[in-house]
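J.: Can you keep this structure in mind? I'll have questions shortly.
The values are calculated or read from the model by the stated rules, or taken from the named source; none is laboratory data. Nothing here was measured: the structure is a model prediction, and the numbers come from that model. A quick note on method: Cβ atoms are made from the backbone with ideal geometry, for glycine too, and the neighbour counts reach across all protein chains shown. For accessibility, only protein heavy atoms count, side chains too; no ligands or nucleic acids. Shrake-Rupley method; radii C 1.70, N 1.55, O 1.52, S 1.80 Å.
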Amino acid sequence: MLNRLLHFSLAQRLLVIAITVGLGLWGVQSWQNLTLDAVPDITTNQVQINTETGGLGPQEVERLVTFPIETAMAGLPGVQDTRSLSQYGLSQVTVTFEDSVDIFFARQLVNERLGRVREEIPQTVASPQMGPVSTGLGDIYMFAIESPNRKATDLRTIMDWQIAPQLRSVKGVAEINVADGSVKQYQVVVDPYRLAAHGLGIGDLVDALQKNNQNAGGGVMDQNGERVLIRSVGMATSEDGISRIVVANEEGTPVLVRDLAEVRTGVPVLTGLSTKDGKEAIVAIAMMLKGSNGRTVSQAVDAKIQEIKKQLPKDVTLTTVYDRSVVVNETVHTVFKNLIEGALLTIAVLLVFLGNWRAALIVSVLIPLSMLVATIAMTKFGISGNLMSLGAIDFGLIVDGAVFMMENIVRRVAEAREHDGKPLSRDHLRQVVSEASREVSRPVLFAITIITVVYLPIIALEGTEGKMFKPMAFTVVFCLVAALALTLTFIPAAASLWLSRNTTEKRNLLMDIARKIYRPSLEFALRRRGIVAGLSLFLVVGGGWMFTKLGSEFIPTLDEGDLVVQPIRARTVNAEETVRLVTAAEKKVREIPEVITMFSRSGTPEVASDPMPLSLTDSFVMLKKRSDWRPGLTKDK
């Protein structure tokens, strides 16, 4: 089979070259569509169920809301486990499915069970809602809106009605999650003494507000050949409208809401808030749809943000505080920089040791071609390009078989040239290349196959380890398989076309030095086999012992260049004290010249993807480029 493949490659050289060029172009197109991110996404396949529980305490939330929902999720197909969290104002149940279960099918199953459980939880509690179709790496873009003249409720109104709806229309965005709960609402603050004086209860007031605060349809009326719509407008749209709602009638005198309570605008009990650079601001997060391209989506969000800026009032500032595409671009730039440096180094080594620049260039072409073919496979199988998958590519492994084959081709062509005493004809060159390729085709096949088999145990990993390391293993295997196919087809075809017919083996100073060192070493090893074997065993045992003393990490540390600080306060802290403490910290940190900005989100955001009490804060310290830091200053300092 190998001989037939080699014969076809040499007989149809131009066709093989054309197919190779076509694969390269296809690989370039696939690179444009390849999902790029900084690190692999190891988030489990899960569905979050969030329920706003109003003023219920944690004990009541657990007993009346969380337990019924968690129990209802038992027995769903493909469920691995469920976990829950109950805190003031929030119940969260997370249902984790097997990785093979489609996320939208999983959400359909959860939604069916939620339909049954809604009757079991108190009616005063909001309906359970599923979280967005996103992952732990879904927070791809963060921005803040602030104004010197407007209150937080005004900014939140702009966010909810002007900014968020436009951003949700961006392809790949799952949700816009606002980190501040300053939603404007009308509040009816009851005076219990006035309520008692009229002989009324809270239920009477609530009932009156519900019944007298809605619009209604009245059908149609035909008159003079025209049809007129009839509607009753009873929806309150202002504080005055609410205050004039009739609660009761005392001997013909109406008792209004304003007689029993004070009507005012305010915000709900805050379970989450946000600040920036020492003052209150509205910080929001664009969450990416699971499986989307992080760099593409964040760039699209940024483009939409630039459009929205032109629509905002002059005193409202919209500032981007975090953009995932910047991190991804830097990561990809670093990986490509290392890949290019490795490729150039490989080319230099090939030039030095092969001693034939044409042969070295032909072998070197295998590096980008193998990567492009691997990109095609990565795109087809949904494998993302990231620091782990792209950074694991080893050029030595890729060109190993090609170097072996090309070195034998050069040697055989040089011997034939020396035997004939003149440059080879084209037919003779092709015959020599064919014979030389056949000689080493089986060893090349076995060598690359053995290297490929080494990665099979990694491909068999499951769970978190599989999500982290399988992309790396698949990428390397794709590169190796592509390199093997190109070595057995492209290398012989290219050598028969572009290798000089006047090729001769030249003396290589480095190889001469290597031979002088290797030959006596080999003779000594053959004479003293016991000593060499014992020393090798000692090295293996000693290396194994040293390995047990090494430190270990699950993944390499990814330094994005910025800092995240998490201040912790007393569990019972209120919103006002939280704002005072967090803004004071931000003002102090902003005094450091290397800090560009600092923004914080305290407590639980609107979509409780990361539920925290008000006593916990995530403070993001965005730093300047290292080149702009003071001399001698490090991140730790």
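J.: If I ask for residues that are charged (D, E, K, R) and more than 31 Å from the chain's Cα centre (by Cα), which ones from the stretch 558-584 would you list?
T.: Within the stretch 558-584, 571, 576, 577, 580 qualify.
J.: Being assigned to a helix (DSSP H, G or I) and open to solvent by 100 Å² or more (accessible area, probe 1.4 Å): is that true of residue 510 here?
T.: no
J.: Does residue 540 qualify as being of a type in the set (A, V, I, L, M, F, W, C), assigned to a loop (DSSP other than H, G, I, E, B) and either under 34 Å from the mean Cα position of the chain (by Cα) or at negative phi (or both)?
T.: no
J.: Okay, next question. Can you tell which of 582, 621 is part of a helix (DSSP H, G or I), open to solvent by less than 20 Å² (accessible area, probe 1.4 Å) and not charged (D, E, K, R)?
T.: 582
J.: Show the residue pairs meeting these rules: Cβ distance below 7 Å; 6+ apart or different chains; first residue within the stretch 508-537 and under 29 Å from residue 350 (Cα atoms) and in contact (Cβ under 8 Å) with a residue 24 or more places away in the chain; second residue open to solvent by less than 100 Å² (accessible area, probe 1.4 Å) and among the β-branched types (Val, Ile, Thr).
T.: Once the first residue is under 29 Å from residue 350 (Cα atoms) and in contact (Cβ under 8 Å) with a residue 24 or more places away in the chain and sits in the stretch 508-537, its partners that are open to solvent by less than 100 Å² (accessible area, probe 1.4 Å) and among the β-branched types (Val, Ile, Thr) give 510/352.
J.: Residue check: is residue 239 modelled with pLDDT under 90, loosely packed, with under 11 Cβ neighbours inside 10 Å and not basic (Lys, Arg)?
T.: No.
J.: Being in contact with a helix residue (DSSP H, G or I) (Cβ under 8 Å, 6 or more places away or on another chain) and among the charged types (D, E, K, R) is the filter; apply it to the stretch 405-415 and report the residue that is least open to solvent (accessible area, probe 1.4 Å). Explain how you work it out, then say what you get.
T.: Residues of the stretch 405-415 in contact with a helix residue (DSSP H, G or I) (Cβ under 8 Å, 6 or more places away or on another chain): 405-413.
Among the residues that remain, those that are also among the charged types (D, E, K, R) are: 407, 411-412.
Numbers: 407: 79, 411: 72, 412: 47 Å².
Per the criteria, the residue is 412.
J.: A follow-up question, please. Looking at (1) closer than 30 Å to residue 51 by Cβ; (2) surrounded by 14 or more Cβ atoms within 10 Å (Cβ to Cβ), which one does residue 564 not meet, given that it meets all the others?
T.: Going through (1) closer than 30 Å to residue 51 by Cβ; (2) surrounded by 14 or more Cβ atoms within 10 Å (Cβ to Cβ) one by one, residue 564 breaks only (2).
J.: If I filter the stretch 416-427 down to residues being in contact (Cβ under 8 Å) with a residue 60 or more places away in the chain and assigned to a helix (DSSP H, G or I), which single residue comes out as most open to solvent (accessible area, probe 1.4 Å)?
T.: 418
J.: Taking the stretch 167-209 on its own, how many of its residues are closer than 30 Å to residue 155 by Cβ, over 39 Å from the mean Cα position of the chain (by Cα) and not aliphatic (A, V, I, L, M)?
T.: Looking only at that region, the number is 2.
J.: Also, quick follow-up: So how many residues does the stretch 585-610 have that are open to solvent by less than 30 Å² (accessible area, probe 1.4 Å) and closer than 26 Å to residue 572 by Cα?
T.: The number of residues fulfilling the criteria is 10.
J.: Condition test on residue 617, is it touching a residue at least 12 places away in the same chain (Cβ under 8 Å) and more than 15 Å from residue 277 (Cβ to Cβ)?
T.: When the stated conditions are applied, residue 617 does not pass them.
J.: Follow-up question, since we're still on this one. Could you run through the stretch 204-232 and say how many residues are under 20 Å from residue 185 (Cα atoms) and out of contact with any Leu (no Cβ under 7 Å at 6 or more places or on another chain)?
T.: So the count comes out to 10.
J.: If I filter the stretch 315-331 for residues that are assigned to a loop (DSSP other than H, G, I, E, B) and under 30 Å from residue 280 (Cβ atoms), do I get at least one hit?
T.: Within the stretch 315-331 (the criterion being assigned to a loop (DSSP other than H, G, I, E, B) and under 30 Å from residue 280 (Cβ atoms)), the answer is yes, since at least one residue qualifies.
J.: A further question on this structure: Quick check on my filter: what residues within the stretch 158-170 are outside any loop (DSSP other than H, G, I, E, B) and of a type in the set (Val, Ile, Thr)? Please lay out each step first, then the result.
T.: Initial filter on the stretch 158-170 (outside any loop (DSSP other than H, G, I, E, B)): 158-168.
Once the filter is applied, which keeps residues that are outside any loop (DSSP other than H, G, I, E, B) and of a type in the set (Val, Ile, Thr), the stretch 158-170 yields 158, 163.
J.: Could you say which residue among 100, 30, 84, 91 is touching a helix residue (DSSP H, G or I) at 6+ places or on another chain (Cβ under 6 Å) and without any contact (Cβ under 8 Å) to a residue 24 or more places away in the chain?
T.: 84
J.: Still on this structure, I have one more. When the stretch 337-365 is examined, which residues are found to be within 20 Å of residue 492 (Cβ to Cβ), modelled with pLDDT under 80 and open to solvent by 80 Å² or more (accessible area, probe 1.4 Å)?
T.: Across the stretch 337-365, the qualifying residue is only 357.
J.: Additional query: Can you list residue pairs whose Cβ atoms sit under 9 Å apart, with the first residue in the stretch 40-51 being free of Cβ contacts under 8 Å to residues at least 24 places away in the same chain and hydrophobic (A, V, I, L, M, F, W, C) and the second being open to solvent by 10 Å² or more (accessible area, probe 1.4 Å) and in a loop (DSSP other than H, G, I, E, B)? Count only pairs 6 or more apart in sequence or on different chains.
T.: none
J.: Right, another one. From 275, 265, which residue is within 27 Å of residue 603 (Cβ to Cβ), crowded, with 16+ Cβ neighbours inside 10 Å, of a type in the set (Ser, Thr, Tyr) and in contact (Cβ under 8 Å) with a residue 60 or more places away in the chain?
T.: None of the other options fit; the residue is 275.
J.: Something else about it: If I go through the stretch 100-134 residue by residue, how many of them are open to solvent by less than 30 Å² (accessible area, probe 1.4 Å) and touching a strand residue (DSSP E or B) at 6+ places or on another chain (Cβ under 8 Å)?
T.: Qualifying residue count for the region: 11.
J.: Which residue is farthest from residue 30 (Cα to Cα), if the candidates are limited to the stretch 366-404 and must be open to solvent by 40 Å² or more (accessible area, probe 1.4 Å) and assigned to a loop (DSSP other than H, G, I, E, B)?
T.: Residue satisfying both the conditions and the ranking: 394.
J.: Something else: Take the stretch 428-455 and flag every residue that is open to solvent by 60 Å² or more (accessible area, probe 1.4 Å) and at pLDDT below 85.
T.: Across the stretch 428-455, the qualifying residue is only 430.
J.: Considering only residues of the stretch 471-507 that are open to solvent by 40 Å² or more (accessible area, probe 1.4 Å) and in contact with an Asp or Glu (Cβ under 9 Å, 6 or more places away or on another chain), which is farthest from residue 407 (Cα to Cα)?
T.: Result: 504.
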